[in-house]
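S.K.: Dropping the structure in here first, questions after.
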Amino acid sequence: MTPKKHISDVVDVTAYDVSGGKGFVSQVLRCTLTFVDSTSPKDVYHTILKIPGMDSLNEAKEKSDFNFDNFEKANNKSKYVFMTEVHKFECDFYNNLTTIIDVPCPKVFQTQEWIIKKQEGVLHMEDLTLRGKTIMFFENINLTQVKCVIRHLAHMHKNILSIDPAIWHGKYVTNQETLADCAQLFAPTEAPFLERCKRKDVFIPIMDKLRKFYMNRDFSVYATKQAHVDLGMKSVIVHGDMHAGNIMWAIDEEGNVQNE
């Protein structure tokens, strides 16, 4: 937004949900602000509001064998408590760590914690949809892109190991077992997914190969919390959920994915 723009200059605000099928535990709204001096449909300002909530989870429960009640019983924790903790962790990351790790991240202008029955949580962040996009499961990634990710991870870990450990060590460990817990949560949905998907022949060999790892909770927790210690490696802050849907690549003017 240019400095001359002011809230009093806004004549219209529209928003639509862009998270369908991607933001499972949040609603992601792309907001468009039109100003009194906007000269065309492109002469507007876009921004993003990411709002945590249970809508997607509740919808999934109605349409499939997905059931969060099993997770609550196994972990003795309300799904709302779990969700607020996940959102708080994300707020803390953007507020406290992004300037330290110094890797490409969206700018976050404001965060608000989710307090049940008191206030909704939200992250107000820049809109990157015109500058980048994610790739899908069946799209290829090239060696240059792999090296790009490795370079940023190495830089992030170097920065973490170069600062006073008191700033971060032991403070961001709440979600260490989350992926292991979620694997158990989604287990009942595996068979129905395979029956409904159109690429059953592709997924079955992959899932058969990896199931022994992701369904073994003890192994998942060990890989996350203890394996690096046994290997004599220092603890660092890690991404924790790195997959194609969580990496946004730069695009050119034609919308083609680049190597950065």
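The values are calculated or read from the model by the stated rules, or taken from the named source; none is laboratory data. Since we're looking at a predicted model, the values are computed, not measured. Positions of Cβ are generated from backbone atoms using ideal geometry, with glycine treated the same way; all protein chains shown enter the neighbour counts.
S.K.: Give me the residue from the range 173-187 that is under 17 Å from H243 (Cα atoms) and small (G, A, S) and, out of that set, surrounded by the fewest Cβ atoms within 10 Å (Cβ to Cβ).
M.R.: Ranking the candidates gives A183 first.
S.K.: Here's a follow-up. Can you name the number of the only condition in (1) β-branched (V, I, T); (2) modelled with pLDDT of 80 or more; (3) exposed (fewer than 13 other Cβ atoms within 10 Å of the Cβ) that I7 fails?
M.R.: The failed condition is (2).
S.K.: Could you list all residues from the range 120-167 that are among the small types (G, A, S), surrounded by 12 or more Cβ atoms within 10 Å (Cβ to Cβ) and in a loop (DSSP other than H, G, I, E, B)?
M.R.: G121
Matching residues to (1) in contact with a helix residue (DSSP H, G or I) (Cβ under 6 Å, 6 or more places away or on another chain); (2) small (G, A, S); (3) touching a residue at least 12 places away in the same chain (Cβ under 8 Å):
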position: Y222; (1), (2), (3): no, no, no
position: Q226; (1), (2), (3): no, no, no
position: G232; (1), (2), (3): no, yes, no
position: S235; (1), (2), (3): no, yes, yes
position: D241; (1), (2), (3): no, no, yes
position: I247; (1), (2), (3): no, no, yes
position: D252; (1), (2), (3): no, no, no
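S.K.: Could I ask something else about it? Report, by residue number, each residue of the range 191-228 that is under 30 Å from C91 (Cα atoms), charged (D, E, K, R) and at pLDDT 90 or above.
M.R.: Within the range 191-228, D218, K225 meet the criteria.
S.K.: Here's a check for you: in the range 33-52, which residue that is farther than 30 Å from W114 by Cα and buried (at least 16 other Cβ atoms within 10 Å of the Cβ) is modelled with the highest pLDDT?
M.R.: F35
S.K.: Does at least one position in the range 177-190 carry a residue that is at pLDDT below 90, under 23 Å from the mean Cα position of the chain (by Cα) and not in a helix (DSSP H, G or I)?
M.R.: Checking the range 177-190: at least one residue is at pLDDT below 90, under 23 Å from the mean Cα position of the chain (by Cα) and not in a helix (DSSP H, G or I).
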